[in-house]
Amino acid sequence: MATSIFDVIVIGAGAAGLAAAAELVRGGRSVVLLEARDRLGGRIWTRREAGLPVPIELGAEFIHGEAAPVRALLAQAGATVIDTNNSHLRMENGEPLPRHDFLARFQQALRESDALRETDLSFDDLLDRLAGMLSAEDRRAARSMAEGFDAADTSRASARALAAEWCGDTLGESAQSRPAEGYEALIAALIARSHGERLRLQLQSPVEAVAWSRGSVQVSGHFAGAPFTFRGAHAIVTVPLGVLKASAGAPGAIAFTPTLEAKRRALEGLAEGPVVKLLLRFASAFWESLDEGRYREVSFLHVPGAPLPTFWTSAPARAPLLVAWAGGPQALRAADGATAAELAALAIASLRRLFGPGVDVAGELEACYYHDWQRDPFARGAYSFVTVGAAAAPESLARPLDDTLFFAGEATDTTGEAGTVAGALASGLRAAREVLAQ
């Protein structure tokens, strides 16, 4: 196959890659956008199922905090954003109770403590330092949220990074929101902004090798059984952290020549967090009529100690769908070699603990939907977290190499939005503007 030449090669058509391509095209550059999968979106993956009034979100689902770029793109696409009522119930001693609201006390303890003044700590060590200021229950809740929300291993996660996030906008007063039509609306808006004669989009084209020197990049791989090669003056690499860290020869790995030695410390300082997200479709939303409607308006349900400890509903939308979730080490334990059917059995067992043995949860189940992001060779995890002492790693990973290789993706976010669609979008725009400034 003949070599094609473009101004910029963008590797990966997730939110970051699509945002970068759109900005570059608007700036007058010719762009080839290469995506390994047969679809756009990366870790955004919306499915539609007949008879179900809400979308199936196998990947990203929520809008955290203000996330102005996300909301603006959705508005441009004519999509609706709906807020959850953010109501939580947890099961404790067989009784559903309001969520243990520890966050304000955790934030206050941070303000009053000098634990992080001198050096970074693991999140576990920070909680030990705060033992005199937070109850055991508060500390358990904090650890559970770090694992579930941030997909973090609290024995490795940077306390400084988590503290900065938890005191920022992501967990601010804004309600948890979601695109009513699914995140595919955002992907559609992004591709609509970039389509034109300056963009070439090529799916099912995993990049296998990137050879680069100052002012020159050659990218190669295979498409439809034939090799391809593209050349350009710049490349923006937007693949997930797990792919960048993949060993040579592993499925989905990219061989860089010369190697990314300058990024070694940054890559070592970041980790890709695992999650299990299993969507359960039932014959009816049976929980809405249980216990005189106690669960009808609830958004999130927690079953501490269960293999899949968190569930959420589609509220305020009405749908016979529950999402089962685990993050961090608990997700690794649950997902270790498990099939979707085996995970469904774990979810049913967790729901029996929540709703009681008298509810025929299994008898109501019609289908389950699952994608294993850890085993996906083009993801190798869900989203990133910073490890102890590596607060500068995202900024270091984002820094261009010889004004030739540029980097984007949620792991490179330095605005406090790492792990989110908003962070991915911001990083793509940032990398594109760095290229345009050349």
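Between Ala136, Ala109, the distinction of being surrounded by fewer than 15 Cβ atoms within 10 Å (Cβ to Cβ) and hydrophobic (A, V, I, L, M, F, W, C) belongs to Ala136 only.
Of the residues making up the stretch 76-106, those that are part of a helix (DSSP H, G or I) and either in contact (Cβ under 8 Å) with a residue 24 or more places away in the chain or surrounded by 13 or more Cβ atoms within 10 Å (Cβ to Cβ) (or both) are Gln76, Leu103, Arg105, Phe106.
Take the residues in the stretch 139-159 that are polar (S, T, N, Q) and in contact (Cβ under 8 Å) with a residue 60 or more places away in the chain, then tell me which one is nearest to Ala392 (Cα to Cα). Of everything passing the filter in the stretch 139-159, Ser158 is nearest to Ala392 (Cα to Cα). For the stretch 198-230, a residue qualifies if it is under 14 Å from Val10 (Cβ atoms), surrounded by fewer than 18 Cβ atoms within 10 Å (Cβ to Cβ) and out of contact with any Lys or Arg (no Cβ under 8 Å at 6 or more places or on another chain), and the qualifying residues are Arg200, Gln202. Leu351 fulfils the conditions (1) buried (at least 22 other Cβ atoms within 10 Å of the Cβ); (2) farther than 30 Å from Leu97 by Cα except for a single criterion, (2). Checking each residue in the stretch 219-278 for being assigned to a strand (DSSP E or B) and within 21 Å of the chain's Cα centre (by Cα) picks out Ile236, Val237, Leu270, Ala271, Glu272, Gly273, Val275, Val276, Lys277, Leu278.
If you take the residues of the stretch 26-47 that are under 20 Å from the mean Cα position of the chain (by Cα) and surrounded by fewer than 16 Cβ atoms within 10 Å (Cβ to Cβ), which of them is farthest from Ile11 (Cα to Cα)? By that ranking, first place goes to Arg47. Residue count for the stretch 406-430, restricted to those that are surrounded by fewer than 21 Cβ atoms within 10 Å (Cβ to Cβ) and touching a residue at least 24 places away in the same chain (Cβ under 8 Å): 2.
In the set (1) in the same structural domain as Gly428 (by TED's automatic domain parsing); (2) modelled with pLDDT under 95; (3) not polar (S, T, N, Q), Ala253 fails one condition alone, (2).
The values are calculated or read from the model by the stated rules, or taken from the named source; none is laboratory data. Because the structure is predicted, anything quoted here is derived from the model rather than measured. Cβ coordinates were reconstructed from backbone atoms using ideal geometry, including for glycine residues, and neighbour counts include every protein chain displayed.
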